[in-house]
Structure formats: C-alpha cells, structure tokens
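Here the structure is laid out as structure tokens; the discussion comes afterwards.
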Amino acid sequence: MGSVTGADRNKGGAGSGGGAEGAPPLLRLEGVSKHFPGVVALDKVDFDLKAGEVHVLFGENGAGKSTLISLVAGAHRPSAGTIHVRGRPAQIGSVHEARALGISAVFQEFSLVPQLTVEQNLFLGAEALSGGFLAKRRMHESAVEILNRLGFPLDPERRVTYLSRAQQQMVEIAKAFRSDLSVLILDEPTASLTERETERLFALIVQAKRQGVGIIYITHRINEIKRIGDRITVLRDGRFVATLEVAQANETRLVELMTGRVITQIFPKVDYRPGAVALEVKDLTTASRTVRSVSIAVRAGEIVGLAGLVGSGKSEVARACFGIERIAAGRITFDGRDVTGKSPGQLLERGFFYVPPDRREEGLVMMRGARENMFLAALGQPALSGPLFLKRAGERARALELAKQLNLQPLNVERSVDHFSGGNQQKVLLAKALSREVKMFVFDEPTVGVDVGTRVAIYEFIRDLCQAGAAILLISSDLPEILHLTNRAYIMYRGELRAELAGAEITEDRVLSHFFEREAA
C-alpha cells in the first residue's frame, strides 16, 4: 500500500480540528526517527496535531506508535528530526519539560507508585508546598476536586496497591487532567474501563476538544475510532503509511493499511464438534462473593464464551476453577474428577491451562527471555528436564518451533520479553499454553492491547485448538469475540449468571440485554 504525499497529508483533516484557519498546528513532527541498539523504531515520520481534534495513531504492535508518543511525552529523545510545539522548535528532554509545555500522557503501562495513596500519586513530582513543607490539606482538596470533576469514584486516601486495574487507570487519567492541558496523549485508555467509565472518559475528551486541547489517541478498537476520532495516521514497521479522515476509514481499509495485506475476514469459521464434558462448575461461590451460585459446563471441541462488563465476576469464575480464587461453596469437576480447591500446579498436571489477562503482572517474567518464559509451566516435563539438569538443546529447538508457529517477531527466542511489542509478548504467553499437553484452555481477555493483525492470529490459534479437540473457555469484554467465536455463551452480571445462549441465540441484542440491570416489572 503506497504512502500518501505530503500535499495530500496537508489536505487531510481540514476543518476536522478546532484550530484557527492558517494557525500552526499544536504539534508537528518532521522527519522524526528513533534508533535503539539494532532496531530502527521510527524512520523519518511526519505527524501533526491540531487544536481541538482527536488524532488517532493506528498500527500493529511494534509499528512505532508507542515510540512516537514517548518522544512527544519526553520519555525519549529523537535520534533525528524536529518537534514543533505551536509553531516553534521544541527540545523535549524529559517528562517534566513536556508537562511544562502542556503535554501530558496516559500510557498503557501505568507509572504509579503502589505504596502511595491516590492523591500522593496525583501530585507526585508536582507537590504543593507551604513554608517549605508539603501542603497536604491543599493537595487533598485538589485531589477531591479533580476526581469529582472527572466523575471517578475513588478514595483519594486509599493506597494504589489496593485498587483494581480499572481504578488504577482512572488515577492515571486523573493525573493528566490535574493541570492545564495543550496536548493529551491517551494510549489504549479504555482497556480496563467499564462501559460507564468509558462513557465518562469520552465525555471528558469532548470537553477537552472544546477547550482547544489536541488529543493523540491510540486504540485498536474501530468503534472507538469512529466515535471520537477526527483523523487517523497509520504506521507500519516504524514508517508513515497514510493519514486519512475518519469518514474515509472503514475496518477493511484500516487493516489493509496497517498490515500491507488484505484480510477478508477477521473472525475465522470454526468447526465445532462438542464431545464429552471437560469442565463442570456447580453452584460456585467465591470467598470474596464476587461470584455467587454460578454453574457452567465446557465440552471438548467447543468454544464457550463467558461475557459481561468489567466487574461482572467472569474472570473470577475461571480463577476459582484454576485455584487462584478461594472457594466458599460449590464443586468443580475437570476431566471427570473433583478438583475443587486444587492448586494451579495440580491443575496444570491434569491438563488445565489458564491464560491470564495481564501478561505483565501474571503471565510473563518480563526481564527473562522468550524461551525461558515459554517453558515456565513445563520445566518438570521429561522432554525438558533430566535427573539433574534441564535439557537446554531440546528446550531451544521446541521454543523455535513454537515461535515459528505463532509468527513471533523478531524470531529471537533468547530476546528479553520486555523488548518485544505487546502483541508479540502475547504470542509468548500463548506459546506457554502449548509447552505441555493441555486438554482445557481458558483464555481471559486474550486480545487486550493487541492490534488487528495479531488478533487474527490469536483467533486462528483458538480455532485450531478447538478443532483439534480441546475444550476452550473464552472470557472477553469484547462483544464481537463472543458473537463470532463461540458456539455457546454464558452472560454474567454482578457476580451472578444471567443467561446461557447457544448457536443462533448469540446475537448482539440478546447478549447486551443481559449486560445491564433489569428494570422492575
């Protein structure tokens, strides 16, 4: 797919932002490059942001989106090229200097200090002082005002370590709104938010646009782009591909630009052949009461969906089955045996594998190589472990096979996982599930924060496992995944099972009708 010309780029987006005619853009990058050892992360990229617009950055994981926003936010310096803010060249050498220019970022990976409170995190590095001492009362009042203005139900005096991921996301967003804004960067901001919280965020974006704030927005969700975006810039392999108006964009066009190839169908056709019951859950109640009297069943050769909003209890069902959540009542049967209260290690030995939603916190050891991560759950297997030592040669050969099967990029199994893009980190996590014999797979939000190309690969991976006879439980907040991949689906609401749908019953209207509180008759 060819790049558009500079003249075409200048035409694109005319009138879509709120800037005055003829005024310089809020932000302009000209020929910006960023080199890391052995890697060209950005290669002579041009980009501009107008006042009062949402400019979406779109591309596969590893396309250069995160590198570009890190340069604007002051986390890194460009290797070449120039950055202009309001028409003037700017040397942004740190996050502090970026904030002084009115540039604030909310990154996908949080920058919070867990041991500090919400209000301490809000003002970290910008603490209010009075007579040489911290003005704690003033910061508390300011924190309350910011949280109330944003509509975030957070206790400013609560330690961040006790907050859910969705609540931590709110703290990150609140940090960005604590001072006057000129440029706001949002990197996958809705990944951990409920429907209501997402609506509130979109309202804040509309409000910020009216005040002339320019917003750089990274998302892989097409519906979000259409709803709040004005222009889209597509990057591929660190290079500029195109800038186009949202009105000109559809899913097919964006996927073609992003990947350089035509993807005729995002969701593959699955040949379901349900067999014997692999997992049966009867009247499950967790000790935390996040799940109450839930009963589900998953058969070999089928994909069963577990749907619901964030906080509905859908993840806790799987975590209880895998021995992570404590069980107060109920029975769990796997492969014909009672496994209630068994540990994750015991369940792994029986062929039950749980893929968690947060790869960084629970799925991977980020500072270790891909090969080591792939076999963390299989070190005791005879093929990998001898009487005294691990069989490194066999491990390397099998790791390379898995890397090729999942199209790991770059194909370097010794590379530290934290040096891979998010989508390729997810592939390493999936490879862990293939490192041993597994009968039952639970995929908990398997495509969070990955691009469309990687999504297609993950969907095909899940299809292949199902058609090979595995039992699969797919937990997802992404409704199209439930609609297009599952042959049965359970709907959760506030810890309780609302409905079980099968086949043609799994429609958008039917699923959504169970997502929210029912009105009294």
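How big is the dipole moment of the chain about its Cα centre under a simple scheme where the beta carbon of each Lys and Arg is +1, that of each Asp and Glu is -1, and everything else is neutral? Debye, nearest 20, please. The partial results should precede the final answer.
On the way: 66 positive and 61 negative charges, 151 e Å.
In debye, rounded to 20, the chain gives about 720.
Arrange the following residues from fewest to most other Cβ atoms within 10 Å of their Cβ: R299, R326.
Ordered by Cβ neighbours within 10 Å, fewest first: R326, R299.
Which one of A174, G102, N407 has its Cα pushed farthest toward the positive end of the charge dipole of the chain, where Lys and Arg give +1 and Asp and Glu give -1 at the Cβ?
Sorting the options by dipole projection puts first N407.
Ranked by Cβ crowding within 10 angstrom, fewest neighbours first, how are Y272, Y354, Y493 ordered?
Final ranking by Cβ density, sparse to dense: Y272, Y493, Y354.
Starting from 0 in steps of 20 Å, tell me what percent of the Cα-Cα pairs of the chain lands in each bin.
The distribution over the chain is 21, 53, 25, 1, given as percents.
Bear in mind these aren't lab numbers, they're just calculated from the coordinates by the rules spelled out. Every value quoted in this text rests on a predicted model; they were computed, and no experiment measured them. So basically every Cβ, Gly included, is an ideal-geometry build from the backbone, and we count neighbours across all protein chains shown.
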